[in-house]
Amino acid sequence: MMEPVPVLPATALLPSATQADAKPTLVRGLSLLDSVLLLVSGIIGSSIFLTAKDIAGPLPQPVLFLGVWVLGALISLGACVAFAELGSMFPDSGGQYIYLREAYGDLIAFLYGWMLFAVANGGTIAALSVASAAYLGNVFPIVSQERVAFAMAGVAVTRAHLLGLVLIAVLTYVNVVGLRWGALLQNVSTWTKFTAMVAFVVLGFAIGKGSWSNFHANGVGLTMGLGPMQLVSALGVGLIAVFWAYDGWVYITWVAGEVKEPRRNVPLAMVLGVLAVGVIYMAMNVTYMYALPLKEIAAHETIAHAAAAALFSPRAAGGLSLMIAVSCFSAAATCTLSGARVYLAMAQDGVFFRRMAAIHPKWRTPAFSLIGQGVWAAALTLSGRYDQLYTYVIYGMVLSYTLTVIGMFWLRWKRPEVSRPYRCTGYPWLPGIYVFVGVAWTLNTIITRPAEAFWGTAIVLIGVPGYLYWTRGNRKTAVK
């Protein structure tokens with residue numbers, strides 16, 4: 001005789017409360033290669049094509065000119081290995097925001113995130129998008145710096161600004177509709193940029209009209225006739241440009257919540273990425289030196305253009321402009337993908353616009369955070385003030401890195417029980433050197449550029465009322 005088939009209650013056919021209430025989450029879809037490309041693309045924007053002048057001026061000796069790039073990479077690695085330990089401890093999207101929150105509490109973390117949203121990230125996306133459009137204008141005259149028929153807030157709007165807005169919209173849309181689409185766009189543009197830079201270096205030495213004599217010392221000695229303190233000061237001036245060129249390695253921490261095996265791949269991507277950038281930067285600068293003597297490098301604002309003209313011909317400028325346009329676009333793509341994850345973490349903590357805490361149920365991306373970021377970047381583009389605003393918060397960014405590295409030391413004492421699959425290489429000396437350099441650089445900026453330091457601090461502190469508003473709203477919700 002057959003056993004009776006059990007009859008399930010009607011409620012068993014319905015999704016459980018847990019299933020029904022389950023919220024969409026981010027997708028861990030970034031491989032180690034994706035992560036390395038993201039970091040390298042985020043670092044290499046326009047700076048490598050512009051900064052040589054600012055370094056060759058104070059350091060007009062071949063060994064010092066190239067050595068400061070090596071020194072900058074080593075100092076940056078001092079921060080990277082500390083961030084790598086923190087990334088292995090807290091493998092979630094938001095990265096540095098989370099590290100600061102765990103070390104110092106909500107207010108310091110919020111002010112960092114506010115600085116990113118208000119100026120640093122929004123300004124970077126605006127600047128890179130407009131720069132990409134402007135360099136495209138050198139190849140396609142229809143995209144020029146010619147003014148259009150209207151102006152915003154007294155700022156002339158050019159065709160490059162309008163194309164910059166289109167690029168921001170495209171980058172935002174592609175990242176909204178899926179992580180893989182955003183990563184694919186970033187990877188394709190990054191490989192295109194790498195190919196162009198390799199071609200520039202290889203062809204420069206293979207068929208370029210350069211000279212190895214440019215690598216010889218100019219006869220005044222390695223110390224350039226300067227005393228020890230003056231030489232240190234000259235190196236410090238050169239490092240300002242180098243630090244700017246290496247900035248961007250923190251992006252990978254912002255998307256840690258979408259990296260596969262984050263406790264392994266985030267630290268590994270940071271170290272491999274910075275080393276790869278160091279090699280690329282050295283190759284580009286050696287090519288510049290092969291093309292021109294250091295005295296001429298110090299006289300050219302757009303060194304890549306001048307080097308291409310010297311190595312090949314003035315007609316090579318078109319190809320170079322296209323390479324820089326792709327490089328800027330690639331960096332903007334990385335910044336767009338990464339930055340929105342910080343605001344997502346802030347909103348989920350209840351200290352930012354609540355809507356930005358949502359993850360799209362279909363695309364599994366922080367869609368509203370991406371849209372908000374894009375709208376603000378577009379507003380900064382039309383304002384024409386993004387470059388000026390960014391100069392105000394550069395010192396704040398370096399200060400935030402320094403505080404985070406100090407936070408690694410603090411969390412070793414405060415949270416020894418947290419798992420650390422990766423422990424900081426060279427601890428305590430390598431991160432300690434970065435802290436020393438970061439503190440000295442920040443103090444020097446406050447002393448030598450008090451106006452920029454004042455306005456940078458003011459921009460950060462403007463966020464305090466917002467923090468009080470959002471935290472007060474959270475307390476009211478908790479009471480209810």
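Ordering of 359-371, 106-118 by packing is 106-118, 359-371, highest average first (other Cβ atoms within 10 Å, averaged per residue). With both labels modelled 7 Å from their Cα along Cα-to-Cβ, the TRP455 to GLU261 distance reads 4.7 nm. Using a probe radius of 1.4 angstrom, the carbon and sulfur fraction of the accessible surface of the chain is 69%. An ellipsoid equivalent to region 418-466, defined through the eigenvalues of its Cα gyration tensor, has semi-axes of 31, 19, 5 Å when rounded to whole angstrom and sorted largest first. Sorting TRP455, TRP441, TRP181, TRP410 by accessible area puts them as TRP181, TRP455, TRP410, TRP441; the probe is 1.4 Å, largest comes first, and only protein heavy atoms count.
Quick one: how many lysine pairs in the chain have C-alpha atoms under 26 angstrom apart, if they're 8 or more apart or on different chains? Counting lysine pairs in the chain gives 11. When the residues ASP387, ASP247 are ordered by accessible surface, computed with a 1.4 Å probe over the protein chains alone, the sequence from largest down reads ASP387, ASP247.
Taken one residue at a time, the phi angles of region 351-359 give Karplus couplings (6.51, -1.76, 1.60, θ = phi - 60°) of 10, 7, 3, 4, 4, 6, 7, 7, 10 Hz. Gly and Pro are set to x.
For GLU417, the accessible area of its heavy atoms, probed at 1.4 Å with every protein chain present, is near 120 square angstrom. The alpha carbons of region 346-480 stretch over 45, 44, 34 Å along the principal axes, in descending order. A 1.4 Å probe run over the chain, with the rest of the protein chains in place, finds 45 Å² accessible per residue. Extension gain, PHE436 to VAL198, is 82.1 nm, computed as 0.36 nm per intervening residue step minus the present C-alpha separation.
Give me the percent of Cα-Cα pairs in region 269-341 that sit more than 17 Å apart, rounded to a whole number. Of all Cα-Cα distances in region 269-341, 58 percent exceed 17 Å. Within the chain, the whole DSSP H helices whose Cα atoms reach 15 Å or more along their own axis and whose mean Kyte-Doolittle score is at least -0.5 are 32-43, 62-89, 121-139, 159-176, 179-207, 228-246, 262-291, 317-348, 367-383, 386-414, 429-448, 450-461.
Among the protein heavy atoms, those of THR457 account for about 50 Å² of accessible surface (1.4 Å probe, every chain in place). Over all pairs of different C-alpha atoms in region 60-137, the reciprocal of the mean inverse distance, the Kirkwood hydrodynamic radius, equals 15.5 Å. When only alpha carbons are used to place a centre, region 242-283 and region 101-123 end up 20 Å from one another. In order along region 295-300, phi translates into HN-Hα couplings of 4, 6, 4, 5, 9, 10 Hz, rounded to whole numbers, per the Karplus curve 6.51 cos²θ - 1.76 cosθ + 1.60 with θ = phi - 60° and x for Gly and Pro.
Restricted to Cα atoms, the chain shows a radius of gyration and a Dmax of 24.2, 106 angstrom. Simple point charges give the picture: +1 on the Cβ of Lys and Arg, -1 on the Cβ of Asp and Glu, and for region 181-320 a dipole about the Cα centre of about 220 debye.
log₁₀ I(q)/I(0) of region 331-372 at q = 0.26, 0.34, 0.35 Å⁻¹, via Debye over equal Cα point scatterers, no solvent, to two decimals? So the normalised log intensities are -0.82, -1.13, -1.16.
Here the contact order of the chain, divided by its residue count and restricted to Cα pairs under 8 Å and six or more residues apart, works out to 34 percent. Close amide H pairs (under 5 Å, H built 1.01 Å from N) link ARG415 with no residue at least 5 positions away or on another chain. The charge dipole of the chain, taken about its Cα centre with unit charges on the Cβ atoms of Lys, Arg (+1), Asp and Glu (-1) only, comes to about 620 debye. Dividing the radius of gyration of the alpha carbons in region 205-330 by their Kirkwood radius gives 1.05 for Rg/Rh. Taken along its three principal axes, the alpha carbon spread of region 373-437 comes to 48, 26, 18 Å, from the longest extent down to the shortest. Applying 1/(1 + (r/R0)^6) with R0 = 41 Å to the Cβ-Cβ distance of VAL27 and ARG472 gives a FRET efficiency near 0.75.
The values are calculated or read from the model by the stated rules, or taken from the named source; none is laboratory data. All of these numbers come straight from a predicted model, not from anything done at the bench. A quick note on method: Cβ atoms are made from the backbone with ideal geometry, for glycine too, and the neighbour counts reach across all protein chains shown. Side chains included, ligands, DNA and RNA excluded: accessible areas come from the protein's heavy atoms. Shrake-Rupley method; radii C 1.70, N 1.55, O 1.52, S 1.80 Å.
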